[in-house]
Every structure is written in C-alpha cells, then in structure tokens.
1. Within segment 112-128, how many residues are part of a loop (DSSP other than H, G, I, E, B) and either outside the structural domain of Glu61 (by TED's automatic domain parsing) or more than 17 Å from Val37 (Cα to Cα) (or both)?
2. Among the listed residues Asp85, Asp95, identify the single one that is out of contact with any strand residue (DSSP E or B) (no Cβ under 6 Å at 6 or more places or on another chain) and without any contact (Cβ under 8 Å) to a residue 24 or more places away in the chain.
3. Regarding Tyr109, is this residue modelled with pLDDT of 95 or more, among the hydroxyl-bearing types (Ser, Thr, Tyr), assigned to a helix (DSSP H, G or I) and assigned by TED's automatic domain parsing to the domain that holds Arg23?
4. Kindly check whether there is at least one residue in segment 20-35 that is touching a Lys or Arg at 6+ places or on another chain (Cβ under 9 Å), among the β-branched types (Val, Ile, Thr) and at pLDDT 95 or above.
5. Report those strands (runs of 3 or more DSSP E) wholly inside segment 132-247 carrying at least 1 residues which are at pLDDT 95 or above, among the aliphatic types (A, V, I, L, M) and not assigned by TED's automatic domain parsing to the domain that holds Lys280.
6. Among the candidates Leu32, Leu60, which residue alone is out of contact with any Asp or Glu (no Cβ under 9 Å at 6 or more places or on another chain) and under 16 Å from His133 (Cβ atoms)?
Amino acid sequence: MTPMLLAPLELVYGSLVRARNARFDRMAVQRLRWPVVSVGNLSVGGAGKTPLVICLARLLERAGIHSDVLSRGYGRSRKTAERVDAEGSAQRFGDEPLLIARATGVPVYVAASRYEAGLLAERELPVEGKHVHLLDDGFQHRQLARNVDIVVMHASDLRERLLPGGRLREPLPGLGRANVIVLRQEDKELETPLRAYTRKECLFWRVRRTVSLAIPSKRAVAFCAIARPSEFFAALAEAGAEMVERISFRDHHRYTAADMERLAKLGQRHGCDAFVVTGKDEVKLDAAMRLRLNAVAPLRTAALTVELEDESAVLGRLLELLRI
C-alpha cells in the first residue's frame, strides 16, 4: 500500500500509542532490586541498540560493575525465563541475546516478561558488589521500571512516518521520556532539532561505528538479515571488501538449508573467495549450514565495533544517573 492509503491506519496506530503511554504514565510498574538501564529506540530495527548494549556491558565490567542483560529474545521458541547458553542456538534464545552473550561474556537472560528475566538474574547471580541490569530494546517496554532510559537514534528517524506506513514505533515527542540520546558521530548535527523533543537535562552521547574484516575479500558474497542491509553493504565496501553479490533477507530471518544452497550456488557461479555476514547472522548458522558454505568458500564475519566518545565522561554521568 502507498503511504497515502496507510495514513488512516497511522492515525489509529498513533492514537493507540498515545493511549498506551498515558496509561503507563498513571500506573504502577514492576521494579527489580538492582538498577535498570534501558537501551531502546523509536524505530523498528537498525538503529544500533545491540552494539550499544555490548559496548555498555564492557564499559561497566571494566569499571568493576557487574552487569547482566535482559531481553525478550525475538523469535525464540520458548517464552519462560532462562539464562542464555553462549554455546546454544539462536532458535532457542534469539539471535541478539546469543550475540550479546558471546560478545561480552556477561549473563544474558531472556523471557517474554523482562521482569521475570530480571528476577531470575537476581536469584542466580552473586549479590556481592555493584550490579546493573541492561534492558535490551526496552524503551517501549514500560511495564518494567528503569533508572535510565537511553534511546539510540538513526538519522532517518526524523523523516520517518508512524507504523504501518513507516518505521516509527512512536512519535518523536516520546523522546521526552529519555535521559540520554545516542547519535552516530556523523549525525551529531541532529542534536539541535532533537532538542525540541527532549527534556532540558537530557544528555547526548555520540558513538563511532566501524566495520572490519580480518581477511580482505576481492570476490565476496555478502548476505544479511538485518533491518538496514544497505548500510552493512556500504560499510563492507568502505572496509575494502569487493562484493560480487549482495543478498538481503528480512530482519530476523531464520535461515534454512535452502537458503544455504542458493547462496552456495551463487558463490560457485561467481567464483567467490568468501561469504561475509554480520555477527547477528553468524550466530544463526548451524554446523550443517556452515559446512555447505565452507565447501565453496570460507565464511567470514564482519566485526562491528561501537565506541562511545569520551568513555570516562560517559561512565561518570551514567553512574551519577544510577546513583552508584
């Protein structure tokens, strides 16, 4: 459908979002014993929440503060609360929780109810020292109280429409709930227009994002199942990879043997020297899938690194907000 035809549905959706937020503004919410830092966004996928969660977990650990991650685990086969096994499968735990667990080594808990996930973490983890829950994709999950709300913004969010005509989960005035807005370094000029929607005390942090390949590729078949595939392919090209094919699947796509067969045949046809994927895609490939691709060319993961500008200042302000 065209945006014009979807406009009435956007109005209905916007009314529902406003009613939902008004309800949460009035009602009591669930509270955990340890402080909660929520990392979320306004749009559907692709803003960079998961890399920021990984970055914050590492930052807190270096400061001697224990952290865990609470996640819904989108697309997982179970609904009950459980701790992610880093050697487990994306089907059981969800692709992003599994990626976070492998990348950070911190405990990651998944459940349909993030509150239940947090209770399990507080039962299982040692009580000594300082602890922080990192709530992944939590800005709209208002059932759980949080001490700090961090919102990761993408430049396109300022031009987007509400669902279903666009990608926004809620309108820009929702940023009035945020304590921190995170922008990419190249989008720093967006701070001024965004100030119109935030509280005066809202902080703005900037991140540097880099994509790298340990081994350069001259004839890569690159594929991914993420919200903004064009950004991944552009970052690969900037990192020096030359691609003979760029294949994108829908966000959170669950790969099949048929997908691997298609990719393998493409690789054979082009004489590719590597299959290149994101970390989020790599965790979804089982042993048989890897074997099929590696029979044609090596499977390689493009490393996405996110660094906060002036990490020591960021850590200081975060601890002030948490009062720990």
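The values are calculated or read from the model by the stated rules, or taken from the named source; none is laboratory data. Worth saying up front: this structure is predicted, and the values here are computed from it rather than measured. Because the Cβ atoms are built from the backbone with ideal geometry, glycine has one as well, and the counts that use them run over all protein chains shown.
1. Keep residues of segment 112-128 that are part of a loop (DSSP other than H, G, I, E, B), which gives 112-113, 125-128.
Subset that is either outside the structural domain of Glu61 (by TED's automatic domain parsing) or more than 17 Å from Val37 (Cα to Cα) (or both): 112, 125-128.
Final tally of qualifying residues: 5.
2. Working: Asp95 fails: without any contact (Cβ under 8 Å) to a residue 24 or more places away in the chain.
Sole residue among the options that is out of contact with any strand residue (DSSP E or B) (no Cβ under 6 Å at 6 or more places or on another chain) and without any contact (Cβ under 8 Å) to a residue 24 or more places away in the chain: Asp85.
3. Numbers: modelled with pLDDT of 95 or more: yes; among the hydroxyl-bearing types (Ser, Thr, Tyr): yes; assigned to a helix (DSSP H, G or I): no; assigned by TED's automatic domain parsing to the domain that holds Arg23: yes.
Answer is no for this residue.
4. no
5. Numbers: elements: 148-152, 180-184, 203-212, 220-224.
By residue number, 148-152, 180-184, 203-212.
6. On the way: Leu32 fails: out of contact with any Asp or Glu (no Cβ under 9 Å at 6 or more places or on another chain).
One residue alone meets the criteria, Leu60.
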